[in-house]
1. Any idea which of A:Gln279, A:Gly307, A:Pro344 is furthest toward the positive side of the dipole for segment A:231-421, if Lys and Arg beta-carbons carry +1 and Asp and Glu beta-carbons -1?
2. Using Cα pairs under 8 angstrom and six or more residues apart, how large is the relative contact order of segment A:756-817, in percent?
3. If you fit an axis through the alpha-carbon atoms of helix A:683-703 and take the longest principal axis of the Cα set of chain A, what angle between them do you get, 0 to 90°, nearest 10?
4. For segment A:754-770, take each phi angle, set θ = phi - 60°, evaluate the Karplus expression 6.51 cos²θ - 1.76 cosθ + 1.60, and give the result in whole Hz per residue in order, putting x for glycine and proline.
5. Treating the beta-carbon of each Lys and Arg as +1 and of each Asp and Glu as -1, no other charges, what is the dipole magnitude of segment A:597-753 about its Cα centre, to the nearest 20 debye?
6. Counting only residues 5 or more places away or on other chains, whose amide H sits under 5 Å from the amide H of A:Ala121 once H atoms are built in the peptide plane?
7. Quickly rank A:720-731, A:489-500 as a protection proxy: mean count of other C-beta atoms within 10 Å, highest first.
8. What angle, in degrees between 0 and 90 and rounded to the nearest 10, separates the Cα long axis of helix A:707-720 from the longest principal axis of the Cα atoms of chain A?
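The values are calculated or read from the model by the stated rules, or taken from the named source; none is laboratory data. Source: prediction; values computed, not measured. For neighbour counting, all protein chains shown are included, and Cβ atoms are generated from backbone atoms with ideal geometry for every residue, glycine included. Accessible surface is based on the protein model in full, side chains and every heavy atom, while ligands, DNA and RNA are left aside. Shrake-Rupley method; radii C 1.70, N 1.55, O 1.52, S 1.80 Å.
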Amino acid sequence: MAESQIPAYNPAEIEKKWQARWEADGLYHSDVDPQRPKHYALTMLPYPSGDLHIGHWFAMTPSDARARYMRMNGYNVMFPMGFDAFGLPAENAAIKKNVHPKEWTYRNINRMRDQLKSMGAMFDWRREAVSADPKYYRWTQWFFVQLYQHGLAYHKLSPVDWCPTCNTTLAREQVWGDDRHCERCGTPVIKKNLDQWFFRTTRYADELLSYEGINWPERVRVLQTNWIGRSEGAVVKFHTEQGDELEVFTTRPDTLWGVTFMVLAPEHPLVKKITSAEQKAAVEQYVAEAVRQTDVQREATDKEKTGVFTGGYAVNPVSGERIPIWTADYVLMTYGTGAIMAVPAHDQRDFEFARRFGLEVRVVIQPEDMEALDGANLTESVPAHGKMVNSGPMSGTPGAEAFEQVLKYLEANGMGKRAVNYRLRDWLISRQRYWGAPIPMVHCEKCGVVPVPEEQLPVMLPDDVEWRPTGESPLKLHPTWRLTTCPQCGGAAERDTDTMDTFMCSSWYHLRYLSPDYDQGPFDPKEYDYWMPVDTYTGGIEHANMHLIYTRFFHKALRDMGIAHGDEPMLQLRNQGMVLGEDSEKMSKSRGNVVAPDDLVQAYGADALRAYLIFFSRWDQGGPWSSSGIDGTFRWLRRVWAMVVEPVGKDGFVDESAVRVLRRKVHQTLRRVTHDYEHFEFNTIVSSLMELSNEMARLKPATYGSPAWGEAVDIYLRMLSPVTPHIAEELWAYLGKSYSIHTQSWPAVDMEAVQEDEITVVVQVNGKVRGRVTLAADASEEAVKAAALENEGVVKFLEGKTPRQIIVVPKKLINIVV
RNA sequence: GCCGGAGUGGCGGAAUUGGCAGACGCGCACGACUCAAAAUCGUGUACCUUCGGGUAUGUGGGUUCGAUUCCCACCUUCGGCACCA
């Protein structure tokens, strides 16, 4: 055959060709079909920052491959894509380049959509949703109003985290690290007192701690559990000598008789009232200093305890004792009640404070395995549980019962009750920036806060705004936008000029994909009933305590408002790792280590890049990028190409034993690859396919032209198609098989073909490999033993000794112990 | 300090239930093809060795006939939380 008739592998040509054909045919459209089982595969939507990053491809390619795999397994798969288009970076970049954020964002979206298409993923672009689109944020606003009407949104004046670079407030989740910096720009935050909108995430704290019915990684569950930070204890009611109630939260009610002082946070409202005339100056100075400090300075755990005696006293409800009240900055106004009962003998922080200021340390817990404790001699606190001592009527209560017994005592005497505290805070929603969904609320002097009626939504974000940040909301500076009439009384009123945190937009994007053009509600219930919940959700772990908590909260709130069903929005979650630059640093423009996927597509084709992204590291781990490795997957695809298109010039002789070997390898690989798709172990899918193509190339001369060879190529291309969809489609067509390979079914493993007819058993002597024997697969244990004992290499090491023990692992290994 | 990952050749990684450590690929070396180079193909590639073998999965112990895998202690490293009462 003339060589010119064999086509060469030309990825640029075939990728473009098939992408156009698939799009024209609507091959990846997903429609409701009650006859078929559905699978909603979702990958976290990108932020349109300008350029698609190799990290996006790393995240999305395996998700795409798995969505394709599920489709081949008979599922009606929906795999949508969209853009998280509101947010700070758009604005910051727009400021730098002096283009309108809207223009900048939509330009980027258009560019990124093309880039996404070049990877040949099975996205159903008819379902694309863009959060900055009025027909999208109309419903973001509608949800806000719903939450408000159901008591889940409220506003209050409170000290909040403010990023001085981004010029806006941030939610607690968006402040990271030891230095409490802004999650987006890295600037340390400061505190500001502002009137802000919050969502009541804390109302769902307990439910968010339950992961029943969802298959999420242990790691994410642990992160969320720690973040929510549930602790069980009691609220105990003390009184000041002036008669004011002073409640404290404690996890150790069993130490109540050991309280020797109390501490109020400097911001606590009672500080002023209880401070005595003599202490007034000192207290005022201390409070002023504490307030001036940043959280970082104040909450540094290594600094020495500071504080001031207020001159005031409280009464211990259980003992009637008179307890001095101090104020100190190690007590936080934001946790519990902002006041604590201090038990220095059994709490290290209280202990340090007591030693510093010469306060009494009184032992009230005696752990069974410790010598008798004496408060005066302790060098550190004893937080261990144990028998209660010096505790009035409760003395002698064993450690195991102490907590419950004291609670019973408190409740019986009206002195306190069981209580649970969470570290989780309500979600701060207001942002003082332009590029976001306006908060659909009107402030009326007569009627107070009034939501914008549904028929007036969306509250449109105006285009003609000075969006350079000033620290004030840009919408506030617009000459007319904020002026409106009160929906309730018709009088003059003002709009809320803040916009919403973009995590609000992304809390429900998976619902907008269901019906992005629907205008009777946020989503079409028919689509919802069929597709929801999301079956497989993939994305980065960095969202564990932000997006992934918000979206769970959001779903549960919708459920309770009767808008959604089910307890969880996403059944199965899997996280990919992060791709680093070749210098092992995080990829960033400023470091100059960003790898541009477009260049790689141009040089090697999308298929080789897809295969390399899947192959080069564990998906859940990520790691430093190395462009040289892509040569390997490119060569492999070229070998696969040659394996399929290059004929073997021979006279039809087929070696039957080679056929058996071929079929065995094909079906063993199929079994392995199927397993790996099910378990999100993507890199070994490619290595198994490489191994198989190596073996097939070796067996090709002896099997070419046989039905087994045809079967091998057929199965090979099917297994290949989710990883490298274009070359698989091209070769499928080359062989004259019916279009499209992507609508074919996943092949079934032939269990008979998988069976080995000969087995090689490793023979060990004292745990060391000394030989191996090959026998028929059905050889008896006795026969295997006999063969092993006769093996040349083995005999040498037995040195005539009698085996003490022979361990047989069927079909694998024999260990002879002498 | 607390919680959770991870440590395997020059590199990325593999080893499905406690059973042949290093699959697959990169890189490197040598060879074939070529006037030559590239590309491609082939062979080799943990360490030591007296060529019998011995040693190797962060370190040290343990369980076991047998441990990358299980247990204990420690080291390194990454991530999260941190005066949360």
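1. Positive-end residue among those listed: A:Gln279.
2. RCO, segment A:756-817: 41 percent.
3. 0
4. 5, 4, 7, 8, 10, 10, 9, 9, 7, 10, 10, 10, 6, x, 10, 5, 10
5. Dipole about the Cα centre, nearest 20: 300 debye.
6. Residues meeting the amide H criterion: none.
7. So the peptides A:720-731, A:489-500, ranked by packing, come out A:720-731, A:489-500.
8. 20
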